[in-house]
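The values are calculated or read from the model by the stated rules, or taken from the named source; none is laboratory data. Predicted model, so just to flag it, every value in this text is computed and none were measured. Note that we place each Cβ from the backbone using ideal geometry, even for glycine, and neighbour counts take in every protein chain shown.
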Amino acid sequence: MAGTIIGGLMTAAPVVAQEAEAEADVVYVTGSRIQRTDTVAPSPITNVTAEQLQIVNTVNTEDFINTLPQVVPAFDSTANNPGNGTATVSLRGLGTTRTLVLVDGMRFVGAGVNQVVDLNNIPAAMVQSIDIVTGGASAVYGSDAVAGVVNFILRDDFEGVEMSLSHETSLGDLDGDITTASMVMGGNFDNGRGNAVITMGYTNREAVFQGDRDFSRLTFFDPGPGGTQFIEGGSSNIPGTRFRGATSSNFGLNGAAVNAIDPRCATNTCSGFWMDGGTLRGLRFGTAADPVTDLYNYAPANYLQLPQERYNIGAFASYEVNQHLEFYGRGIYANNVVDSQLAPTPAGVTLTVNLDNPNINPVLRNLMINDAGSNNGDGTATIRTSRRYQELGTRNSLRDTSSFQMVFGARGDINDAWSYDVFANYSRSSVSQIQSGNLSVSALQAGVLCDGGPTAIASGCTAPTVNIFGGENSISAAGAAFISRTGAQIDTIETFQTVATVAGQLDVLTVPMAETAPSVVFGFEYREAEADSRPDSVLGPDVRGFNQSLPVSGVVDVYEFFAEAEVPLVENRPGMESLALNLAFRSSEYNTVGNTETFAIGLGWQVDEQIRLRGNFNRAVRAPNVNDLFAPLTNGFPGAQDPCSGGQFGSFSGATNVQSCINAGVPAGNVGTGFQGNGQMEALFGGNPNLGAETADTYTVGVVATPNIIDGLTIQLDYYNISIEDAITTVPLQTLLNECHISNIASSCAILAGGRNPATGEMGANGFTPSLTAINIGLLEAEGVDLRIDYSFDAGVIGMPGEVGLSYYGGVTMVNDTTNSPTSPVIACAGLYGLDCGEPTPEYKHAMQASWYTGPFTTSLRWRHVGAVDADPTTQGFIGDLSDNIEATNYFDVTFQYDVTENFVTTIGVTNITDTDVPVLGSTASEQANTWPATYDTLGRRLFVGGTIRF
């Protein structure tokens, strides 16, 4: 048993192929449709076995995948905001849409209009192994495989019954429990000609809140230039309502007048007013001398670990009629429910109020009356309000996904040299989202005007009174019900794929110096991807809480012809045991972007039994998906610094073009002052039906060494270079601001025209909604080196019983660059994180594992290393004198497994046994929860126990 486990743990794709070869003369290797007898992958492949997943109690596969150096984490179990309840994978950090996810070499349905596969729907209990292919593979698999391929190989050939149960919890806080149960049963029939397997699984993951951990229970602001400590910040959308004039923050009052209302403002920065009980106060933002603020801490209500409940079932069958015909099929169904939760709805809304509203504090009423910019002269005033509508409850987005896949195919031998394979694959995903805690702006306005005062009574209004002037919790239950909105959205995604291939050998084309004939595959493929997203009318422009949603619908289909060949050039010569040329070509005709062509050329050189060299070039494409093409313009709130403003939300410097700011509507006297009061500005995002395909050129060069001098040692070293041109991207708002007000680029200024407050120059008001649609102008580049070392040996050589297996996955990232537009500077992100670079991308990362097998007892130790990273240049401007370096982080996991009997195995383990601290960052330098929770462990030391019965 030990030897079998070591083989599975220690070796990548070549050994997987060797194990399969014991049962068949030829095998398929991920990244190629050629049936191979040499069992050597033409492209670099990282293989993860079921044993590796099980030994650390992997419940959701993305948790393990994210530890590998090939992956920069995307959405996972911690992705609350940003996040949408899905789990995705991003190879090399090039984006989830550029990573092709397959199941048994076939496409799997996505979970949204961007058609990205939700890994939640591929439970770990069903996975036999995972192959990760570096670089483009569009010539083999079609669109999307520009960064690489992740292929989940499922357990579809099984005899007997296997039942597993595990439970995991946090040792420090005894929370975040995860319970999983699975069963697999199957067997052969008709004298072994057929096999049928059924799998079932259940997962329950409990929520953990940011308020449950010290590092995330507060909202930390970075201090800015000169600052030396975090500011306990939050949101100016407070439960007691922040009131500002229509054209000024303090209703036209100067500093002395504000201090007279609230003496605390003399030593603090106050902007706007709020009701503290029955007293009107200035809203304090804090200063270095007086860091106390009145901001709302929105952190505690947010999830640190999203709750999840999942059911899945799979059925697999095959039946060999004869050597010329074998039928096969499978069905997979998963129901996955994940909740996301945010603090109650914050809303900045400009409202008209009656000046005789009896709920208005007299001091505040006088401010409205005396402010010429707010008083309308007709008994009403127009004011800006910012409130946290906690009377509506938290904002929750419950995502209920049901997905299934049905595959039916036939394969067999045509003759001794040729075979065929034909299959049809239909997948469907239905996503139901219920979003509660939203606010209707029109209902709010109606409720505020229906205030019970003389003007309201005379108007005959019938709406419940919505009192936003009485401080925290001043809105009645009736008023809250009147303005609250619960919305629903149904997404339906369907994918159909049919593929027909013939494969064989062309004996007549055998090269003179080779003994083996060229192997070829010819095939035809048709794919259709249809996505339809239908939000109800609630989730329109009238709603605040979750972002506006509008209907999206579209179909992308493609007809493709493809061919692949492996041509042995030289065999059994000194220094050239084999030299083979690998070729692939695919021609595609899309209904959206027309014709695209992709190709690949590679060379494999087996020098001798110890050394193999390999190199590949791939031209890959990604055709735009339904969301890229057809998404309507909807609002979002990107973060940005205004180059025209100073202060916390500005980036004014000597590089700013002052005249450009004046031309944009900033009063000349305000340029460079701290007039920008919000770091998030509203913008419109959407698709573009005129998009073209992305094009990628990928190079890989590598060596595989199995030196005879050290038995059991395998070394794989691979270099990769990926360059994606015409990348589909949306130019970030920050880029447009810099191009307009620093580089003075007229086209960028045109996009930003209008929308500034004429009195102050502030953005984020007066209809400032620039349209940021998708365009083909991005350039993405990734370059680096992967190293895989596997070593297994008899422990007797070190004076111990049993066997030892060692594995090492290491990666060096040399380049990870993004260029947002032809006029934009290159954003270099290797070794960086932050506003421009996003998730930390360390220059070095590794995962190592050592396993000791002694009879029925197995001990494994895993070491996860995340290299040091620095804040990117934009983020450094917020950090002040705080350290912007996240030091190298190490995690150690230990597992003990014992075969109690031949039929029962029990496992106990601890992850993050040293309880390594989370790097704590400010809000501008982090993703959420004051850190990057997909990269760094946030729940501390965790214990898991489990057992498996087989019979």
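Among the criteria (1) closer than 30 Å to ARG614 by Cβ; (2) not in a strand (DSSP E or B), the one LEU550 does not fulfil is (1). In summary, strands (runs of 3 or more DSSP E) completely within region 193-273 and bearing 1 or more residues that are over 19 Å from THR760 (Cβ atoms) and of a type in the set (A, V, I, L, M) occur at 194-205, 231-233.
Checked against the criterion of being crowded, with 18+ Cβ neighbours inside 10 Å, part of a strand (DSSP E or B) and aromatic (Phe, Trp, Tyr), region 793-802 has no qualifying residue. Residues of region 691-715 that are of a type outside the set (Ser, Thr, Tyr), over 30 Å from THR97 (Cβ atoms) and touching a residue at least 24 places away in the same chain (Cβ under 8 Å): VAL703, VAL704, ALA705, PRO707, ASN708, ILE710, ASP711, GLY712, LEU713, ILE715. Identify the single condition in (1) surrounded by fewer than 19 Cβ atoms within 10 Å (Cβ to Cβ); (2) modelled with pLDDT of 95 or more; (3) in the same structural domain as THR938 (by TED's automatic domain parsing) that GLY192 does not satisfy, given that it satisfies every other one. Unmet condition: (2).
Quick grid of which residues meet (1) under 22 Å from PHE482 (Cα atoms); (2) among the β-branched types (Val, Ile, Thr); (3) surrounded by 21 or more Cβ atoms within 10 Å (Cβ to Cβ):
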{"site": "PHE404", "(1), (2), (3)": "no, no, no"}
{"site": "VAL407", "(1), (2), (3)": "no, yes, no"}
{"site": "ALA410", "(1), (2), (3)": "no, no, no"}
{"site": "ASP416", "(1), (2), (3)": "no, no, no"}
{"site": "SER430", "(1), (2), (3)": "no, no, no"}
{"site": "ILE434", "(1), (2), (3)": "yes, yes, no"}
{"site": "ASN438", "(1), (2), (3)": "yes, no, yes"}
{"site": "LEU449", "(1), (2), (3)": "yes, no, yes"}
{"site": "PRO464", "(1), (2), (3)": "yes, no, no"}
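Determine whether SER923 is in a strand (DSSP E or B), surrounded by 20 or more Cβ atoms within 10 Å (Cβ to Cβ) and modelled with pLDDT under 95. It is false that SER923 is in a strand (DSSP E or B), surrounded by 20 or more Cβ atoms within 10 Å (Cβ to Cβ) and modelled with pLDDT under 95.
For region 269-314, the candidate set comprises residues that are on the phi > 0 side of the Ramachandran plot and buried (at least 19 other Cβ atoms within 10 Å of the Cβ); within that set, the residue that is modelled with the highest pLDDT is GLY272.
Considering only residues in region 142-176 that are among the aliphatic types (A, V, I, L, M) and not in a strand (DSSP E or B), the one that is farthest from THR948 (Cα to Cα) turns out to be VAL146. The number of residues in region 833-858 that are closer than 18 Å to GLY778 by Cβ and out of contact with any helix residue (DSSP H, G or I) (no Cβ under 7 Å at 6 or more places or on another chain) comes to 4.
Yes/no matrix, rows are residues, columns are (1) in contact (Cβ under 8 Å) with a residue 40 or more places away in the chain; (2) within 22 Å of GLY646 (Cβ to Cβ); (3) in contact with an Asp or Glu (Cβ under 6 Å, 6 or more places away or on another chain); (4) aliphatic (A, V, I, L, M):
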| residue | (1), (2), (3), (4) |
| --- | --- |
| GLY226 | yes, yes, no, no |
| GLN229 | yes, yes, no, no |
| GLY233 | yes, yes, no, no |
| ILE238 | yes, no, no, yes |
| SER248 | yes, yes, no, no |
| ALA257 | no, no, no, yes |
| ILE261 | yes, no, no, yes |
| THR269 | no, yes, no, no |
| GLY278 | yes, no, no, no |
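Would you mind stating whether LEU364 is over 37 Å from the mean Cα position of the chain (by Cα), more than 30 Å from LEU280 (Cβ to Cβ), hydrophobic (A, V, I, L, M, F, W, C) and at pLDDT 95 or above? The answer is no for LEU364.
Yes or no, residue by residue, for (1) more than 29 Å from the chain's Cα centre (by Cα); (2) assigned to a strand (DSSP E or B); (3) over 24 Å from ALA424 (Cβ atoms); (4) in the same structural domain as ALA417 (by TED's automatic domain parsing):
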position: PHE524; (1), (2), (3), (4): yes, yes, no, yes
position: GLU528; (1), (2), (3), (4): no, yes, no, yes
position: VAL558; (1), (2), (3), (4): no, yes, no, yes
position: ALA563; (1), (2), (3), (4): yes, yes, no, yes
position: THR598; (1), (2), (3), (4): no, yes, no, yes
position: GLY602; (1), (2), (3), (4): yes, yes, yes, yes
position: LEU613; (1), (2), (3), (4): yes, yes, yes, yes
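Taking the listed residues SER164, SER170, the one that is hydroxyl-bearing (Ser, Thr, Tyr) and touching a helix residue (DSSP H, G or I) at 6+ places or on another chain (Cβ under 7 Å) is SER164, with no other qualifying.
Yes/no matrix, rows are residues, columns are (1) at pLDDT 95 or above; (2) not aliphatic (A, V, I, L, M):
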| site | (1), (2) |
| --- | --- |
| LEU449 | yes, no |
| SER459 | no, yes |
| PRO464 | yes, yes |
| GLN489 | no, yes |
| GLN497 | yes, yes |
| VAL508 | no, no |
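Against the list (1) modelled with pLDDT of 95 or more; (2) closer than 30 Å to LEU119 by Cα, the condition PHE404 fails is (1). Residues in region 699-712 that are farther than 24 Å from ASN618 by Cβ and either in contact with a Pro (Cβ under 6 Å, 6 or more places away or on another chain) or of a type in the set (Ser, Thr, Tyr) (or both): THR706 alone. Residues in region 835-846: is at least one touching a residue at least 24 places away in the same chain (Cβ under 8 Å), outside any strand (DSSP E or B) and aromatic (Phe, Trp, Tyr)? Looking through region 835-846, none of the residues is touching a residue at least 24 places away in the same chain (Cβ under 8 Å), outside any strand (DSSP E or B) and aromatic (Phe, Trp, Tyr).
Beta carbons closer than 7 Å, at least 6 apart along the sequence or on distinct chains, pair a first residue in region 610-633 that is surrounded by fewer than 19 Cβ atoms within 10 Å (Cβ to Cβ) with a second that is not in a strand (DSSP E or B) and not acidic (Asp, Glu) for GLN610/THR706; GLN610/PRO707; GLN610/ASN708; LEU613/VAL607; PRO632/LEU550.
Restricting attention to region 664-681 and to residues that are among the β-branched types (Val, Ile, Thr) and crowded, with 20+ Cβ neighbours inside 10 Å, the residue that is farthest from GLY761 (Cα to Cα) turns out to be VAL671. The residue that is nearest to GLY922 (Cα to Cα), counting only those in region 812-834 that are in contact (Cβ under 8 Å) with a residue 60 or more places away in the chain and more than 22 Å from the chain's Cα centre (by Cα), is SER824. Considering only residues in region 736-752 that are among the hydrophobic types (A, V, I, L, M, F, W, C) and closer than 14 Å to CYS644 by Cβ, the one that is surrounded by the fewest Cβ atoms within 10 Å (Cβ to Cβ) turns out to be ILE742.
Among the residues of region 95-106, those that are under 19 Å from VAL407 (Cβ atoms) and surrounded by 24 or more Cβ atoms within 10 Å (Cβ to Cβ) comprise LEU100, VAL103.
Could you tell me which of the residues ALA317, ALA347 is surrounded by 15 or more Cβ atoms within 10 Å (Cβ to Cβ), hydrophobic (A, V, I, L, M, F, W, C) and more than 30 Å from GLY674 (Cα to Cα)? Every option except ALA317 fails the conditions.
Quick grid of which residues meet (1) assigned to a strand (DSSP E or B); (2) acidic (Asp, Glu); (3) closer than 30 Å to ARG384 by Cβ:
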site	(1), (2), (3)
GLU609	no, yes, no
ALA620	yes, no, no
PRO624	no, no, no
GLY669	no, no, yes
